[in-house]
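Engineer: Handing you a structure now.
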Amino acid sequence: MRIIFVLTYPTHHGIADQGEWLRWDNRDRRMPGILAEHGVDVELWGLAREPLDTLSALPGVAPYPIRLFAPSNPQAKTRDQWSDTMVAAAKADPADLFVLIGSNGGAGYELFDRVLRPGRRRFALVIGGDYWSRIVPHADLLFPESAVQESLLTAPGWRFWRRAIPGSGMQRLPKTIDTARFAPVEAEKRYDVIATSRLTRYKKFDEIAALGRQHRVAVIGDGPQAGKLKARFPWVDWLGHVPNGQVPAMLAQARLFFHAGRRDYFPRAIPEAMACGLPVAAFDDRIGPDVIPPACGLLVRDADYAAKVAALLADPGALVAMGAAARAHVVATHGARSSEAACARLMELCR
């Protein structure tokens, strides 16, 4: 049995340093290792600025090969990059199943158009961000992350041109958080509210900035809009890029994590903050109580987010209780082995 995982976005999409990416311990890296423990011949493929063949050696799971291919169109936006070499390797590989990580990355589209669809190759799809793309209805198995995504897939509603996906063709996939590293630590509370985000034109920071008028607010992250955002909202502490291993120490300096994004269904930053013992607030446009249970934080709207955040920050007892509940929730549902059921489903699909 052979399964190949493919990152549809380049490793350098959000992380400039390849060494930092190789040190990351997350679901994308752990699922292949769990399958390797069961004797599956498994590899993880992706794009990187420079090609690399190496071995993943995360603690607690079996090692497996990682193949990184240089993009054929490096001048393109990272989300649109793909590799002719990867396509040729996929055509020649006898894999029983491909698992695309991400529904709309350029590497995924290219593999689908040139290998998977014309060759009638079987593939599963991990839906990390956008729940729909032209690839989605062709997958043999979908892994959504949230109840909102599932409901939109099973009942497209007014989007009549989209094929409804039966529940039998999906399985909920939890996040995988290193809860030993993302854990509460004692630190001076320099900030009332903290957020993490890439600083791009697709992100909106007006709400974060508005909170900064009343509270001490900081944002972890870098990106092409960093200069403009610093100039527009100078009262916010823009912390820049923080290596993933140092993020827990930064989160520990805040009392509340606020996710202001409106395009996300289940951003990884939310369970990371919860694992560090922070209550989390997010807008309920796309994020539901399965992502942030009521005991763990706040689901807010435009009309009430400022008042709800202020009320929670004024209640130290509620902050402590929510933070403890948030930590317990992530440990119970998003730990290092959280994807075992999904891995079992992939093996069933190959039989």
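Engineer: Taking region 28-72 as the search range and keeping residues that are charged (D, E, K, R) and assigned to a loop (DSSP other than H, G, I, E, B), which one is surrounded by the most Cβ atoms within 10 Å (Cβ to Cβ)?
Structural biologist: Arg49
Engineer: Could you look through region 73-105, keep only residues that are surrounded by fewer than 14 Cβ atoms within 10 Å (Cβ to Cβ) and of a type in the set (A, V, I, L, M, F, W, C), and pick out the one that is nearest to Arg2 (Cα to Cα)?
Structural biologist: So, considering only residues that are surrounded by fewer than 14 Cβ atoms within 10 Å (Cβ to Cβ) and of a type in the set (A, V, I, L, M, F, W, C), the one nearest to Arg2 (Cα to Cα) is Ala92.
Engineer: All but one of (1) polar (S, T, N, Q); (2) closer than 24 Å to His13 by Cβ; (3) outside any loop (DSSP other than H, G, I, E, B) hold for Ser168; state the number of the condition that does not hold.
Structural biologist: Single failed check for Ser168: (2).
Engineer: How many of the residues making up region 87-112 are within 28 Å of Ser146 (Cβ to Cβ) and either without any contact (Cβ under 8 Å) to a residue 12 or more places away in the chain or in a helix (DSSP H, G or I) (or both)?
Structural biologist: Of all residues in region 87-112, those within 28 Å of Ser146 (Cβ to Cβ) come to 97-112.
Of the ones still in play, those that are also either without any contact (Cβ under 8 Å) to a residue 12 or more places away in the chain or in a helix (DSSP H, G or I) (or both) are 106-112.
Total satisfying the criteria: 7.
Engineer: Can you give me the number of residues within region 123-139 that are surrounded by 23 or more Cβ atoms within 10 Å (Cβ to Cβ), in a loop (DSSP other than H, G, I, E, B) and within 17 Å of the chain's Cα centre (by Cα)?
Structural biologist: Here the count works out to 2.
Engineer: Right, next: Out of all the residues in region 226-241, is one or more at pLDDT below 95 and either assigned by TED's automatic domain parsing to the domain that holds Gly19 or under 25 Å from Gln149 (Cβ atoms) (or both)?
Structural biologist: No: zero hits.
To keep it simple, each residue is scored yes or no on (1) closer than 17 Å to Val193 by Cβ; (2) modelled with pLDDT of 95 or more; (3) not hydroxyl-bearing (Ser, Thr, Tyr).
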site: Pro243; (1), (2), (3): no, no, yes
site: Cys276; (1), (2), (3): yes, yes, yes
site: Gly297; (1), (2), (3): yes, yes, yes
site: Ala325; (1), (2), (3): no, yes, yes
site: Thr333; (1), (2), (3): no, yes, no
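Engineer: OK, next. Return a yes/no flag: does region 197-204 have any residue that is in contact (Cβ under 8 Å) with a residue 24 or more places away in the chain, touching a strand residue (DSSP E or B) at 6+ places or on another chain (Cβ under 6 Å) and surrounded by 17 or more Cβ atoms within 10 Å (Cβ to Cβ).
Structural biologist: Applying the first criterion (in contact (Cβ under 8 Å) with a residue 24 or more places away in the chain) to region 197-204 yields 197-204.
Narrowing further to those that are touching a strand residue (DSSP E or B) at 6+ places or on another chain (Cβ under 6 Å): 197-199.
Pick out the ones that are also surrounded by 17 or more Cβ atoms within 10 Å (Cβ to Cβ) and you get 197, 199.
Scanning region 197-204, I find at least one residue that is in contact (Cβ under 8 Å) with a residue 24 or more places away in the chain, touching a strand residue (DSSP E or B) at 6+ places or on another chain (Cβ under 6 Å) and surrounded by 17 or more Cβ atoms within 10 Å (Cβ to Cβ), so the answer is yes.
Engineer: Here's something else I'd like to know. Against the conditions (1) assigned to a loop (DSSP other than H, G, I, E, B); (2) more than 23 Å from Asp17 (Cα to Cα); (3) basic (Lys, Arg), where does Lys203 fall short? Just the number, please.
Structural biologist: (2)
Engineer: Only one of these is among the β-branched types (Val, Ile, Thr), in contact (Cβ under 8 Å) with a residue 60 or more places away in the chain and outside the structural domain of Asp222 (by TED's automatic domain parsing): Val6, Val42. Name it.
Structural biologist: None of the others qualify; the one that does is Val6.
Engineer: Check every one of the helices (runs of 4 or more DSSP H) wholly within region 216-329 and list those with 1 or more residues that are at negative phi and surrounded by fewer than 19 Cβ atoms within 10 Å (Cβ to Cβ).
Structural biologist: Filter on region 216-329 gives 226-232, 247-251, 305-313.
Engineer: Residues in region 62-85 that are in contact (Cβ under 8 Å) with a residue 60 or more places away in the chain and within 23 Å of Met31 (Cβ to Cβ): how many?
Structural biologist: The number of residues fulfilling the criteria is 3.
The values are calculated or read from the model by the stated rules, or taken from the named source; none is laboratory data. These numbers come from a predicted model, not from an experiment. Backbone-built Cβ (ideal geometry, glycine too); neighbour counts: all protein chains shown.
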